[in-house]
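For reference, the structure discussed in these notes is given below.
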Amino acid sequence: MIELNHRERGKPVIELRDLRRTLGEGDTAVEVLKGLNVTISQGEFCSIVGPSGSGKSTLMYLLGALDRADSGQVLIDGQDTKKLGDLELAELRNRKLGFIFQFHYLMPEFSALENVMMPMFKRGVRHSDAAERAHELLSSLGLGAKTHRPPGKLSGGEQQRVAIARALANEPLIVLGDEPTGNLDTSNADNVFAAFDKLVKEKSQTIVVVTHDLDLAARTDRIIRLVDGQVVDDGPTADVMERMRADGIVPLSSHG
Ligand SMILES: Nc1ncnc2c1ncn2[C@@H]1O[C@H](COP(=O)(O)OP(=O)(O)OP(=O)(O)O)[C@@H](O)[C@H]1O
Ligand SMILES: [Mg+2]
């Protein structure tokens with residue numbers, strides 16, 4: 001029902017080449033991203049970890065084509081975002097990306113179900129199909145009984161799950177999440193990560209999430225570690241975890 005982007009596991013879908021971003025002006029200008037080189041492939045489940053202020057959100061905005069780099073390149077599915085105009089960027093976001101940010105911007109006058117249906121309407125999905133898929137998604141995230149409530153009658157964590165369902169609605173090529181489970185308890189966060197894992201394995205979607213929670217990062221396949229605007233480690237989760245442990249970074253209570 002949804003026209004899927006061409007899905008070829010292993011093909012590069014995000015390519016960063018010497019990506020640099022400076023924020024602020026004059027005396028307060030800070031080089032937040034200092035030349036990142038990263039390639040993420042179709043069907044990868046990646047987490048980005050690093051201290052507060054290391055540039056994770058800045059990077060996510062660039063990956064989401066919501067901000068422009070000062071120099072270097074961001075290629076999304078082979079397209080250099082620098083060469084796209086605002087309309088083309090909007091089209092790219094709409095067709096290929098799903099976002100889950102901490103402020104989820106749900107539409108307050110619509111129900112949870114309608115919020116999840118909305119992106120499908122934009123893609124021309126029939127009302128009954130959109131309703132069915134929205135219902136399935138919300139149910140899989142534990143909200144099956146609350147689909148008709150407006151966001152104002154849902155808890156913060158419930159709203160976050162609605163936003164996650166909305167981001168997944170069109171089965172985007174790439175799902176980007178900046179602390180997508182930041183408002184959720186452990187069991188709901190686990191549930192969401194399990195849903196992500198399923199999408200990666202079954203639909204070859206690519207998922208990139210920022211998380212502070214190393215137990216959650218441990219559930220992804222690859223960890224990219226940012227410190228002070230630079231990639232200091234990048235590799236299979238078990239390997240990066242081991243190096244972080246050697247550096248004393250993984251809390252002892254963690255079982256990743
Ligand atoms: N408009 C701005 N002007 C100057 N510096 C900024 C601006 N916005 C962000 N910064 C700085 O950029 C750096 C990176 O910020 P960013 O939000 O990307 O960090 P982060 O890794 O997402 O942190 P957190 O884990 O706390 O969310 C920070 O040091 C921040 O102070
Ligand atoms: Mg951040």
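The values are calculated or read from the model by the stated rules, or taken from the named source; none is laboratory data. These figures come from a predicted structure and were not determined experimentally. Because the Cβ atoms are built from the backbone with ideal geometry, glycine has one as well, and the counts that use them run over all protein chains shown. The protein model used for the area step is the full one, side chains on, heavy atoms only, and it has no ligands, DNA or RNA in it. Shrake-Rupley method; radii C 1.70, N 1.55, O 1.52, S 1.80 Å.
Between helix 156-168 and the chain there is an angle of about 90 degrees, using the helix long axis and the longest principal axis of the Cα atoms. At the residue level, residue 128 shows approximately 60 square angstrom of accessible surface with a 1.4 angstrom probe and all protein chains present. When the chain is modelled as a GNM with alpha-carbon springs shorter than 10 Å, which of 155, 140, 111 fluctuates the most? Residue with maximal mean-square fluctuation among 155, 140, 111: 155.
When Lys and Arg each count +1 and Asp and Glu each count -1, what net charge do the other residues less than 12 Å away from residue 135, Cβ to Cβ, add up to?
-2
Given the chain reduced to its alpha-carbon atoms as identical point scatterers, what log10 I(q)/I(0) does the Debye formula return at q = 0.09, 0.12 Å⁻¹? Log10 of I(q)/I(0), two decimals: -0.39, -0.71.
Please give the FRET efficiency for residue 136 paired with residue 212, using the beta carbon to beta carbon distance and R0 = 35 Å, rounded to the nearest 0.05.
According to the calculation, E is roughly 0.75.
The angle between the Cα long axis of helix 86-96 and the main principal axis of the chain comes to about 70°, on a 0 to 90 degree scale. Compared with the dominant principal axis of the Cα atoms in the chain, helix 112-122 is inclined by about 80°.
For the chain, the solvent-accessible area of protein heavy atoms averages 46 Å² per residue (probe radius 1.4 Å; ligands and nucleic acids excluded).
Note on residue 146: aspartates and glutamates with a C-alpha under 16 Å away, same-chain residues under 8 apart excluded, are 109, 114, 132, 136, 158.
Based on alpha-carbon centroids, what's the gap between the range 36-92 and the range 144-175 in Å, whole number please? The two parts, judged by their Cα centres, are 24 Å apart. What lysines does residue 34 reach when the alpha-carbon gap must be under 25 Å and sequence neighbours fewer than 8 apart in one chain are set aside? Counting by Cα, and skipping residues close in sequence, residue 34 has these lysines nearby: 56, 82, 83. Descending by average beta-carbon neighbour count within 10 Å, the peptides 191-202, 51-62 line up as 51-62, 191-202, the highest first. Under the combined filter of DSSP loop state and at most 10 neighbouring Cβ atoms within 10 Å, the range 23-97 retains these GluC sites (Glu not before Pro): 25. Over all distinct Cα-Cα pairs of the range 1-119, the Kirkwood formula returns a hydrodynamic radius of 16.1 Å. On full extension, the segment bounded by residue 39 and residue 121 gains 26.3 nm, given 0.36 nm per residue less the C-alpha separation. Residue 122 contributes about 150 Å² of solvent-accessible surface, heavy atoms of the protein only, 1.4 Å probe.
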